[in-house]
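The values are calculated or read from the model by the stated rules, or taken from the named source; none is laboratory data. These numbers come from a predicted model, not from an experiment. Cβ placement follows ideal geometry from the backbone for every residue including glycine, while neighbour counts extend to all protein chains displayed. These accessible areas exclude ligands, DNA and RNA; they are computed on the full protein's heavy atoms, side chains included. Shrake-Rupley method; radii C 1.70, N 1.55, O 1.52, S 1.80 Å.
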Amino acid sequence: MRPVSSWGRLSAEPHLVAELSDIATLVSELSGKGPAIPLGMGRSYGDACLNPGGTLLSTARLDRFHSFDPETGRLVCEAGVQLRDIQRFLLPRGWSLPLIPGTQIVSVGGAIANDVHGKNHHRVGSFGHHVRTLTLVRTDGQVVDCGPGVRPDLFAATVGGIGLTGLIATAELQLQPVAGPWLDTEILSYRSLEEFLTLADDSESLWEHTVSWIDCTVGSRSRGIFLRANPAVDQSGKPPLPRRLAVPVTPPLSPFNRLTLPVFNSIYYHLNRHRSRARRRPFDTFLFPLDDIQDWNRLYGPRGFFQYQLVVPRDVGPAALRDILDIIARSGQGSFLAVIKTFGERASAGLLSFPTPGITLSLDFPNRGQNTERLFVELDAVVRSAGGRLYLAKDARMPREVFEAGYPRAPELAKFRDPGMSSGMSRRLMGQ
Ligand SMILES: Cc1cc2nc3c(=O)[nH]c(=O)nc-3n(C[C@H](O)[C@H](O)[C@H](O)COP(=O)(O)OP(=O)(O)OC[C@H]3O[C@@H](n4cnc5c(N)ncnc54)[C@H](O)[C@@H]3O)c2cc1C
């Protein structure tokens, strides 16, 4: 047994970590492992990838590419392959993953099991839309293929199914052609939620990637920085190697507090407000800026941090977001990493997929114990009454009733569950 934390570093409880080594021996490697849950790169913030006192099935060594067809862009690979490795290998050959979340250090299995989304959700939907088939190995020894056209019910339970239907061993992904690694990007500032929504609506038909930073320390008088990008017209030249920084130690106290946050946010807003508006940038520095800072999650101090990501339907979204921003500003527990984005209309592929049409807001909060939980209870009430939901990949604490209200299809998962799979999150939200 050894202590394992997820990205939020909220706990470090003992786990038995089984390093899966070979696709060919998975059936025997999984048998008799008891209540277990797959572990990818541990980039989920809470307990979706944790199983305190039990077994984690680590896929880190299931990292082989099986085949790639340069005619069709179909890639077959093992579930432990990282999205970053797919990009490194295939981008120079003119192909790219259709979407990547805010970090590339994510496994294919983790991307499917949380049905992750990127800054181009309005164009391409979420990860599950680009999976053609996958092979699932269950703890009773069954090996089952599923996809949108083969066992679509099991596929819908597995996409976004947080590892509970079995271990994804391999997947066939549809990639998309890409001209090169450069993006033409633009930065714009806005001074209200209405202005943000207008910018988002105007940008979606013309821009492939859209996302925005929002200053959540000023309440519903919010202001922010809107970023958008398209594949660059000029793809010449090799992007410079990214600057690699690291947070070498965990500071005894988080530098983000009631006094410093408004200052950090204000500096960030004013610096970016005056930056040049149009610029050609490498795709990775635009899409995954935090990947250049190793262990940035240590910055929140020894008690770790929560990420709270919600989505609310578009019609009631602005009113709900105004309430949420006011509650956060009043609490004095604002967030520096606050991101707001609109999701597109495409229905997600999974029973428990997070993206639904509307507006999504994600915020980081240092863990301040009961004070933080009291804030979340207030936020939960707004999300619930707006008919919204919280993202399981980010969650570490939502009460079961908030989950059941946000995910009305959750009971359908029961008949597809692998009885040998159980996580901290499944026990907290589903009772087993
Ligand atoms: C900096 C940062 C930015 C992020 N930005 C975004 C974003 O923009 N959009 C977004 O959607 N998400 C985002 N995330 C969340 C992240 O993309 C997801 O949590 C993703 O699932 C992590 O993948 P992982 O390989 O680390 O999986 P883990 O966190 O290890 O596991 C995630 C879930 O997948 C299951 N799982 C893992 N492998 C398998 C497998 N082989 N078979 C079956 N189940 C499996 C686990 O049991 C667990 O339930 C971000 C995370 C970070 C740290």
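Among the residues of the range 199-224, count how many are closer than 16 Å to Ala320 by Cβ and either among the basic types (Lys, Arg) or open to solvent by 10 Å² or more (accessible area, probe 1.4 Å) (or both).
Residues in the range 199-224 being closer than 16 Å to Ala320 by Cβ and either among the basic types (Lys, Arg) or open to solvent by 10 Å² or more (accessible area, probe 1.4 Å) (or both): 1 in total.
May I ask you to list the residues in the range 48-65 that are near the ligand (Cβ under 9 Å from one of its atoms) and either free of Cβ contacts under 8 Å to residues at least 24 places away in the same chain or closer than 15 Å to Ser422 by Cβ (or both)?
Ala48, Cys49, Leu50, Asn51, Leu56, Leu57 - these are the residues of the range 48-65 that are near the ligand (Cβ under 9 Å from one of its atoms) and either free of Cβ contacts under 8 Å to residues at least 24 places away in the same chain or closer than 15 Å to Ser422 by Cβ (or both).
In the range 252-282, how many are open to solvent by 40 Å² or more (accessible area, probe 1.4 Å) and under 22 Å from Pro239 (Cα atoms)?
6
Looking only at the range 382-391, count every residue that is within 16 Å of the ligand (Cβ to nearest atom) and within 18 Å of Thr372 (Cα to Cα) and tell me the total.
The qualifying residues number 2.
Output the residues belonging to the range 43-58 that are open to solvent by less than 60 Å² (accessible area, probe 1.4 Å) and within 16 Å of Gln104 (Cα to Cα).
First, pick out the residues of the range 43-58 that are open to solvent by less than 60 Å² (accessible area, probe 1.4 Å): 44-58.
Ser44, Tyr45, listed by residue number.
Here is a list of conditions, (1) in contact (Cβ under 8 Å) with a residue 40 or more places away in the chain; (2) away from the ligand (no atom under 16 Å from the Cβ); (3) open to solvent by 50 Å² or more (accessible area, probe 1.4 Å), and Glu373 meets all of them except one; can you say which number that is?
Every listed condition holds for Glu373 apart from (1).
Can you tell me which residue among Gly128, Gly73 is buried (at least 21 other Cβ atoms within 10 Å of the Cβ), more than 9 Å from the ligand (Cβ to nearest atom), in contact (Cβ under 8 Å) with a residue 40 or more places away in the chain and closer than 30 Å to Pro357 by Cα?
Details: Gly73 fails: buried (at least 21 other Cβ atoms within 10 Å of the Cβ).
Only one candidate qualifies: Gly128.
Hey, Leu337 hits all of (1) over 21 Å from Ser6 (Cβ atoms); (2) open to solvent by 10 Å² or more (accessible area, probe 1.4 Å); (3) aliphatic (A, V, I, L, M) but one; which does it fall short on?
Just one mismatch for Leu337, condition (1).
State all residues of the range 30-42 that are modelled with pLDDT of 90 or more and surrounded by fewer than 22 Cβ atoms within 10 Å (Cβ to Cβ); if no residue qualifies, say none.
Answer for the range 30-42, where residues must be modelled with pLDDT of 90 or more and surrounded by fewer than 22 Cβ atoms within 10 Å (Cβ to Cβ): Pro35, Gly42.
Are any residues in the range 396-419 touching a Ser or Thr at 6+ places or on another chain (Cβ under 9 Å) and open to solvent by less than 10 Å² (accessible area, probe 1.4 Å), and if so, which ones?
Leu413, Asp418
For the range 118-131, enumerate the residues that are out of contact with any strand residue (DSSP E or B) (no Cβ under 7 Å at 6 or more places or on another chain) and under 20 Å from Asp291 (Cα atoms). Before you say what the answer is, go through the steps one by one.
Within the range 118-131, the subset out of contact with any strand residue (DSSP E or B) (no Cβ under 7 Å at 6 or more places or on another chain) is 118, 123-129.
Passing the criteria: Gly118, Phe127.
Confirm whether Pro98 is farther than 24 Å from Thr165 by Cα, under 23 Å from the mean Cα position of the chain (by Cα) and surrounded by fewer than 24 Cβ atoms within 10 Å (Cβ to Cβ). Write out each step before concluding.
Working: farther than 24 Å from Thr165 by Cα: yes; under 23 Å from the mean Cα position of the chain (by Cα): yes; surrounded by fewer than 24 Cβ atoms within 10 Å (Cβ to Cβ): yes.
Yes; evaluated as a whole, the condition is true for this residue.
Quick one: is Asp115 of a type in the set (Asp, Glu) and either in a helix (DSSP H, G or I) or farther than 26 Å from Ile340 by Cβ (or both)?
No; evaluated as a whole, the condition is false for this residue.
Note down all Cβ pairs under 9 Å where the first residue falls in the range 264-293 and is under 20 Å from Ser96 (Cα atoms), the second is of a type in the set (Asp, Glu) and open to solvent by 70 Å² or more (accessible area, probe 1.4 Å), and they're at least six residues apart or on different chains.
Sorted first by the residue in the range 264-293, then by its partner, the pairs are Arg280/Asp234.
Go through Glu186, Glu195 for me and flag whichever is closer than 30 Å to Ala338 by Cα, without any contact (Cβ under 8 Å) to a residue 12 or more places away in the chain and either among the aromatic types (Phe, Trp, Tyr) or open to solvent by 10 Å² or more (accessible area, probe 1.4 Å) (or both). Write out each step before concluding.
Numbers: Glu186 fails: without any contact (Cβ under 8 Å) to a residue 12 or more places away in the chain.
Of the residues listed, the single one that is closer than 30 Å to Ala338 by Cα, without any contact (Cβ under 8 Å) to a residue 12 or more places away in the chain and either among the aromatic types (Phe, Trp, Tyr) or open to solvent by 10 Å² or more (accessible area, probe 1.4 Å) (or both) is Glu195.
Regarding the range 105-124, can at least one residue be identified that is under 23 Å from Leu50 (Cβ atoms), more than 9 Å from the ligand (Cβ to nearest atom) and open to solvent by less than 30 Å² (accessible area, probe 1.4 Å)?
no
So that you can scan it fast, the table gives a plain yes or no per residue for (1) closer than 30 Å to Arg151 by Cβ; (2) assigned to a helix (DSSP H, G or I); (3) within 15 Å of the ligand (Cβ to nearest atom); (4) modelled with pLDDT of 95 or more:
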site: Ala319; (1), (2), (3), (4): no, yes, no, yes
site: Phe336; (1), (2), (3), (4): no, no, yes, no
site: Lys341; (1), (2), (3), (4): no, no, yes, yes
site: Arg346; (1), (2), (3), (4): yes, no, yes, yes
site: Gly350; (1), (2), (3), (4): yes, no, yes, yes
site: Val377; (1), (2), (3), (4): no, yes, no, yes
site: Ala396; (1), (2), (3), (4): no, no, yes, yes
site: Pro408; (1), (2), (3), (4): yes, no, no, yes
site: Asp418; (1), (2), (3), (4): yes, no, yes, yes
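In the range 25-77, what count of residues is obtained for those that are part of a loop (DSSP other than H, G, I, E, B), within 25 Å of Trp7 (Cβ to Cβ) and of a type in the set (S, T, N, Q)?
Here the count works out to 3.
I'm trying to understand the selection: among the residues of the range 131-159, which are farther than 30 Å from Ala200 by Cα, among the β-branched types (Val, Ile, Thr) and more than 11 Å from the ligand (Cβ to nearest atom)?
Thr133, Thr139, Val143, Val144, Val150
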